[in-house]
Amino acid sequence: DKCDTILLGGGMIFTFYKALGYDIGKSLIEEDMVELATKLMAQAEEKGVKLVLPPDVVLADAFDNDANTAIAGGTTSGCK
């Protein structure tokens, strides 16, 4: 009731991506929050609130400054 757009970022995006059925590989998620993410996306849609997820992510083979990295895209930037 207080906003029309919510920007999501950081590690929490993978819980939302999982709720959307995306392959998240080995990314960390809060498995017990996937259902809540689904409900929050439904509530946002019902209220006309736009949830915005990043359109791309950086992939790495290790959690290290010297890790091999790549950018993966192709996800939608809005969740309806």
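Looking at region 39-50, is at least one residue at negative phi, within 12 Å of the chain's Cα centre (by Cα) and not hydrophobic (A, V, I, L, M, F, W, C)?
no
Does region 1-18 hold any residues that are in contact (Cβ under 8 Å) with a residue 40 or more places away in the chain, within 16 Å of Val57 (Cβ to Cβ) and open to solvent by less than 70 Å² (accessible area, probe 1.4 Å), and which are they?
Leu8, Gly9, Ile13, Phe16, Tyr17
Mind listing just one residue for me: the one in region 19-63 that is basic (Lys, Arg) and surrounded by fewer than 13 Cβ atoms within 10 Å (Cβ to Cβ) and, of those, modelled with the lowest pLDDT?
Among those residues, the one meeting the criterion is Lys26.
The values are calculated or read from the model by the stated rules, or taken from the named source; none is laboratory data. Everything numeric here is computed off the predicted structure, so don't read it as measured data. Every residue, glycine among them, receives a Cβ derived from its backbone with ideal geometry; neighbour counts consider all protein chains shown. The protein model used for the area step is the full one, side chains on, heavy atoms only, and it has no ligands, DNA or RNA in it. Shrake-Rupley method; radii C 1.70, N 1.55, O 1.52, S 1.80 Å.
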